[in-house]
1. Please list the non-local residues whose amide H lies under 5 Å from the amide H of PHE120, H modeled 1.01 Å from N, same-chain partners needing a gap of 5 or more.
2. Under a point spin-label approximation (7 Å from Cα along Cα-to-Cβ), what is the PHE311-LEU347 distance to one decimal in nm?
3. Given the rule -39500 (n - 2.57) for each run of at least 4 DSSP H residues, summed and divided by the residues of the chain, what is its mean residue ellipticity at 222 nm, to the nearest 500 deg cm²/dmol?
4. Where Rh denotes the Kirkwood radius from the mean inverse Cα pair distance, what is Rg over Rh for the range 236-324?
5. Comparing TRP174, TRP270, TRP99, which has the greatest mean-square fluctuation in the GNM of the chain with Cα pairs linked when under 10 Å apart?
6. Only four residue types carry charge here, +1 at the Cβ of Lys and Arg and -1 at the Cβ of Asp and Glu. Report the dipole size of the chain about the Cα centre in Debye, rounded to the nearest 20.
7. Mind computing the radius of gyration and Dmax over the alpha-carbon atoms of the range 49-162? Å is fine for both.
8. Using the structure shown, list the pairs from LYS92/LYS231; LYS167/LYS293; LYS92/LYS292; LYS160/LYS293 with a Cα-Cα distance above 18 Å, or answer none.
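A short reminder: the numbers here are calculations on the coordinates, not readings from a lab. For clarity, every value in this text was computed on a predicted model and none was experimentally measured. Here the Cβ positions follow ideal geometry from the backbone for every residue, glycine too, while neighbour counts run over all protein chains shown.
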Amino acid sequence: MNKINSRYILPLVGLLIFVLAAYTYYFLIKNIDPGVDIRIHNFILLEYLERGFFPIPPGYYFLIYLVDKLIHYKYDFVMSSILVLSFFTWWKYRILVQWFSEERALEKSILFGLGFIFIFPLVFPPAEQGFWYYGKFTSTLWHNSTSIAALPFSLLLFAKTIQWWKKGQVSGIWGLLGLGIAVLLIKPSFLFCFIPVFPVFTLLLKGWRLPFLRISIGLSLALLGLIWLEKYLIYNFDPIIVQDYSSQDRPEIVVQPFKVWLHYAFEPFWDFISSFMLSLVFLVFWGKQAFKKVDFSFSFVLLLVALLIYFLLSETGFREWHANFYWQIPITLLIHQVLMTKFVLGLPKNVNGKLELSRAVFWIILIAQITCGIVYWARIFVERTTV
C-alpha cells in the first residue's frame with residue numbers, strides 16, 4: 001500500500017510545486033515593479049530580436065522563444081517564461097527527491113524535496129532593515145530566470161561527476177561535457193567554480209593515473225575556452241553593449257574585494273551567519289567525518305570557490321551592481337545543504353531512541369530555514385517584493 005501511495009504522492013506533489021511555481025512567476029511578472037529578472041529578460045529578448053540578434057548566452061532565451069511559438073497568450077514570452085521556469089522548478093524537485101531517496105524511503109524523500117524548494121537563510125526582521133534577501137546567501141531563487149533554468153543541469157553535472165569518479169568509466173566524460181555545455185548555454189556561473197576544482201579532485205582521487213587526469217584537465221580547458229569565447233562575444237559583439245554604450249560605460253571584469261557584497265549587505269556579520277548557521281553547526285559536530293566523503297568534500301570546496309569568486313570579482317560600467325559573480329553561490333550552496341542533510345539522515349540511530357543534542361540542533365536550524373523560506377515566499381505576495 002505504501003508503495004502504491006508513494007507512486008501517486010510523488011507526481012501529485014510535483015504537480016503542486018509546478019502550480020505554485022507557475023502562479024509565483026505569474027505574480028512576479030505582473031506585480032513586482034519595476035520588474036524582476038523574469039520580466040526584464042523577456043524585454044531583453046524582444047529588444048535583441050528587433051535588432052536581429054539573440055542574447056548571449058542563448059539557451060534560456062531560445063527555450064522561451066520556442067515555447068512561445070507553440071503556446072502564445074496575449075503578451076510575448078510571458079506564458080512561455082512561466083511554463084519554462086515552472087518546469088525547471090519541478091525538475092529541481094525531482095532531482096532532490098532522487099538524491100534524498102538514497103538515504104530515506106520515498107515518502108520522506110518527497111517531504112525533504114518539497115522543503116528544499118523553499119529553504120532560505122534565517123531571518124530576524126529587526127536585524128534585516130527590510131531587506132531579507134540583499135546581502136544574504138541563499139539557495140532559493142524566485143526572481144532570476146536564467147539561474148532557475150541552469151540549476152537542474154548543474155545538479156546533474158555534480159551528480160554525474162561523482163559517478164564518473166566512482167565508476168571509473170572514461171567514456172562517461174562525454175556526459176559531463178554535454179551537461180557542461182548545457183550550463184554554459186544558459187548561465188555559466190556554476191562552471192566558474194567547477195572548472196578549477198574538477199581536475200584537482202580528479203588528481204586527489206585518481207592520482208597521476210592516465211587517462212583520468214588528462215581527460216579531466218582537457219574537459220576543464222575545453223569549458224574554459226568556451227567561457228572565454230562566450231565572454232568575447234558578449235563584450236565585443238553584443239549589439240546593446242557595442243551600439244548603446246560608450247567605451248567607458250562598457251563593463252569590464254575587475255578585482256575589487258567585497259565591493260559588491262558590502263554594497264548589498266547592510267548587516268554583513270548577521271547576513272553571513274544567518275546564511276551559514278547550518279553549515280557551522282554541521283562542521284562542528286560532523287566535519288571530520290563528512291570530509292571523508294568525496295561528494296561532501298567536493299561540494300564544500302565548490303562552495304568556497306564560489307564565495308571567493310563573488311568576494312573578489314566585480315564588473316564596471318552599467319553592470320557594476322548586477323552582481324553577476326553571485327549566481328554560482330545558490331547552486332553550490334544548495335548542493336552543500338542537501339549533502340549535509342543526507343549525511344545526518346544516514347547517521348546510525350541511537351540505541352535508546354533518544355535524539356541526541358547535535359542532531360536536534362541541526363534539525364531545528366534546518367526547519368527554521370525552511371520556515372523562513374516559506375515566509376519569504378509568502379512575503380512576495382503580501383509585500384510585493386523579493387528583496
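1. The answer is ILE370, GLY373.
2. Roughly 2.7 nm, to one decimal.
3. On the way: 16 runs with 276 residues, N = 387.
Value at 222 nm, helices only, nearest 500: -24000 deg cm²/dmol.
4. On the way: Rg = 18.1 Å, Rh = 15.8 Å.
Here Rg/Rh amounts to 1.15.
5. Evaluated over the chain, the most mobile residue of the options is TRP174.
6. On the way: 32 positive and 22 negative charges, 357 e Å.
The dipole magnitude comes to about 1720 debye.
7. Both quantities, over Cα of the range 49-162: 17.3, 53 Å.
8. Values: LYS92/LYS231 27 Å; LYS167/LYS293 15 Å; LYS92/LYS292 27 Å; LYS160/LYS293 16 Å.
Going by Cα-Cα distance, LYS92/LYS231; LYS92/LYS292 fall outside the 18 Å limit.
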